[in-house]
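Just so you know, all these numbers are worked out from the coordinates, no wet-lab data involved. As the structure is a computational prediction, the values presented were derived from the model and not from experiment. Reconstructed Cβ throughout: ideal geometry from the backbone, glycine too, with neighbour counts over all protein chains shown.
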Amino acid sequence: MNPPRKLHIKSYGCQMNVYDAQRMVDTLAPEGFVETASVDDADLVILNTCHIREKASEKVYSELGRLRAVKDEAARHGRHINIAVAGCVAQAEGQEIIRRAPTVDIVVGPQSYHHLPQLLAHAKRHGRALETEFPIEDKFGFLAPPQPDKIRARGISSFVTVQEGCDKFCSFCVVPYTRGAEVSRPVTKIVDDVRRLAENGVREITLIGQNVNAYHGEGADGRIWSLGNLLHRLAEIPGIVRLRYSTSHPRDVDDSLIAAHRDLPSLMPFVHLPVQSGSDRILAAMNRKHTTGDYRRAIDRFRAARQDIAFSSDFIVGFPGETEEDFLATLALVTQIGYAGAYSFKYSPRPGTPAAEMRETVSADEMDVRLVRLQELIDSQQSAFNAAAIGNTVDVLFERSARNPGQIVGRTAYLQPAHVMASPDIIGQVLPVRIESLERYSLLGELATHPNARAIQGASSQVAPSRMIPPQMTTGA
Ligand code: SAM
Ligand code: SF4
């Protein structure tokens, strides 16, 4: 029997890349690959890249420079390291990577990574392999399912892709070009995936998609199901105590999604609903296809369905033509809605997008100033939201042992990390916690005895840190 080959995979960007990286690991497992945390002993290194902003894609080339040195050093000892670039930079700049980075053996777009075993074989025979087509077949039909031990090692919280691609074509965004047209997976496949995860200890599922609430998958009844219908079905699966979804578009908030929030206790009352700007003029230039009024009405519908619902969002500052007045409208919208957190970004022109051709650019200095002003406002809202938990008893899903000995960490419904002193046996359970204090973005408290405590038995106590949306959500990267 051949010794296992080692795979090191590094993911950049969104949660879909985190999910895709896991699926690449699962796909390469039957080929004899096991994961390694170190580049130095890897036989295959995959960079799973992000193209959403310039800074994100630049990282790939600097990382390739570092990998070249590692590869050359290994070659001096007679060892060949294969280097693959996957993800959205691979899709957008495949030929350019082949030209600029001779150290790269394989370039594979996000829709083709189920072909990795064949691409490796091709690279071995012919030197290099590039695949950035959008294949006709659905890659999910070809990906190996994760093994039970892998699922358990990944923790009690899992992402599941239900939808990919985007047909919205916001004028600043590369996603429709790198991820392709909107495609939804069939309901039965998603149900099978979630059932397998639940049977192996997963307690929380986050359904992901570039535009997840545009989901329109085929049901077993032959009809098209919405995200709300899908959530109702998944809530019936034994073992799943929490459901989430991300990222949503304000235009695709329909009645079934609102009904799901009204009817399903396991659907968490925390919605990421990006708005990008508080100015209708800028929203039109962004081709967002919604106004601030549409956005406020969507928020009101969620709030009417569930009073304890909280929101996060994405904002872009310095979009071409954004005036001080437009920016003030963004601050006003943030003040009016009141967020539990938000991501904010400086506009980054992306080659091939309509906004990149717009002339009326905002200066880099002005963008910096606006970003700081927006982040200060968002930070103050986030701090107030976190502080409001002090003195309350809140449900926490426990995920893993914390860094401090004896402490266990979990998440509240709003993804706030919450720490208690307790036995690791509570990992995988939702338990009430009396919140006593706040340390930066973490809540500290103690287990409360609660008449409605929902103790879920049976999850593994040996779990890896779950990869969730980070608690500090404001970033200018
Ligand atoms: N589908 C989601 C939506 O409709 O809002 C967004 C997905 S996108 C991968 C994540 C975020 O990246 C966007 O919400 C936007 O704020 C930010 N983003 C996308 N393109 C950008 C650009 N060219 N410059 C700066 N930020 C950008
Ligand atoms: Fe990009 Fe989201 Fe707009 Fe689609 S809806 S183009 S993913 S920002």
(request) Please name whichever of Val107, Pro417, Val369 sits farthest to the positive end of the charge dipole of the chain, dipole taken about the Cα centre and charges placed at Cβ: Lys and Arg +1, Asp and Glu -1. (result) Val107
(message) Per q in 0.17, 0.21, 0.22 Å⁻¹, report the Debye log10 I(q)/I(0) for the stretch 161-294, using one uniform scatterer on each alpha carbon and no solvent.
(response) -0.92, -1.26, -1.34
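What shape does the stretch 1-151 take by its C-alpha gyration tensor, where a ≥ b ≥ c are the square roots of the eigenvalues and a/c under 1.5 counts as rounded, a/b above b/c as prolate, and the rest as oblate? Intermediate values should be presented prior to the final figure.
Numbers: a/c = 1.36, a/b = 1.02, b/c = 1.33.
Here the stretch 1-151 falls in the rounded category.
Explain nothing, just the number: dipole magnitude of the stretch 162-227 about its Cα centre with +1 on each Lys and Arg Cβ and -1 on each Asp and Glu Cβ, in debye rounded to the nearest 20. Walk me through the numbers on the way to the answer.
Values: 8 positive and 9 negative charges, 15 e Å.
About 80 debye.
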(request) Let me know the shape class of the stretch 202-257, please: from the alpha-carbon gyration tensor, a ≥ b ≥ c as square roots of the eigenvalues, rounded when a/c is under 1.5, otherwise prolate if a/b is greater than b/c, or oblate. (result) oblate
(request) Would you mind ranking Glu31, Glu131, Glu446 by Cβ crowding within 10 Å, fewest neighbours first? (result) Glu446, Glu31, Glu131
(request) Please list the radius of gyration and Dmax for the chain, considering alpha-carbon atoms only, with Å as the unit. (result) 22.6, 68
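Within a 10 angstrom radius of the beta carbon, how do Ile9, Ile205 rank from fewest other beta carbons to most? Please list the in-between numbers first.
On the way: Ile9 21, Ile205 27.
Going from sparsest to densest Cβ surroundings: Ile9, Ile205.
So for Arg66, Arg306, Arg288, fewest C-beta neighbours within 10 Å to most, what's the order? Numbers along the way, then the final one.
Values: Arg66 10, Arg306 19, Arg288 25.
Listed from fewest to most nearby Cβ atoms, that is Arg66, Arg306, Arg288.
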(request) Using the Cα centre as the reference, give the magnitude of the dipole from point charges on the C-beta atoms of the stretch 1-87 (Lys, Arg: +1; Asp, Glu: -1; all else neutral), rounded to the nearest 20 debye. (result) 180
(message) Taking just the alpha carbons, could you work out the radius of gyration and Dmax for the stretch 21-61, both in angstroms?
(response) 12.6, 36
(request) Assign unit charges at the C-beta atoms only (+1 for Lys and Arg, -1 for Asp and Glu), then state the dipole size of the stretch 218-262 relative to its Cα centre in Debye, rounded to the nearest 20. (result) 220
(request) Identify, among Ala448, Pro145, Leu64, the residue whose Cα sits farthest towards the positive end of the charge dipole of the chain, taking +1 on the Cβ of Lys and Arg and -1 on the Cβ of Asp and Glu, with the dipole about the Cα centre. (result) Pro145
(request) Under 4.7 Å Cβ to Cβ, no partner at all: give me those cysteines from the chain, in residue order. (result) Cys14, Cys50, Cys88, Cys166
(request) Set Lys and Arg Cβ to +1 and Asp and Glu Cβ to -1, take the dipole of the chain about its Cα centre, and tell me which of Pro432, Leu257, Ser158 lies farthest positive. (result) Ser158
(message) At 1.306 mPa s and 10 °C, plugging the Kirkwood radius over alpha-carbon pairs of the stretch 125-174 into Stokes-Einstein gives what diffusion coefficient in µm²/s?
(response) 104
(request) Quick one: of Lys124/Lys150; Lys6/Lys124; Lys168/Lys189; Lys55/Lys346; Lys10/Lys189; Lys6/Lys71, which pairs are farther than 22 Å apart, Cα to Cα? (result) Lys124/Lys150; Lys168/Lys189; Lys10/Lys189
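Would you mind computing the Rg to Rh ratio of the stretch 97-155 from its alpha-carbon coordinates, Kirkwood style for Rh?
Values: Rg = 14.2 Å, Rh = 13.2 Å.
In the stretch 97-155, Rg relative to Rh is 1.08.
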(request) Give, to the nearest whole percent, the P(r) tail of the stretch 260-393 beyond 18 angstrom, counting all Cα pairs. (result) 57
(request) Quick one: what are the phi-derived ³J(HN,Hα) couplings along the stretch 196-201, Karplus 6.51/-1.76/1.60 with θ = phi - 60°, whole Hz, x for glycine and proline? (result) 4, 5, 4, 5, 10, x
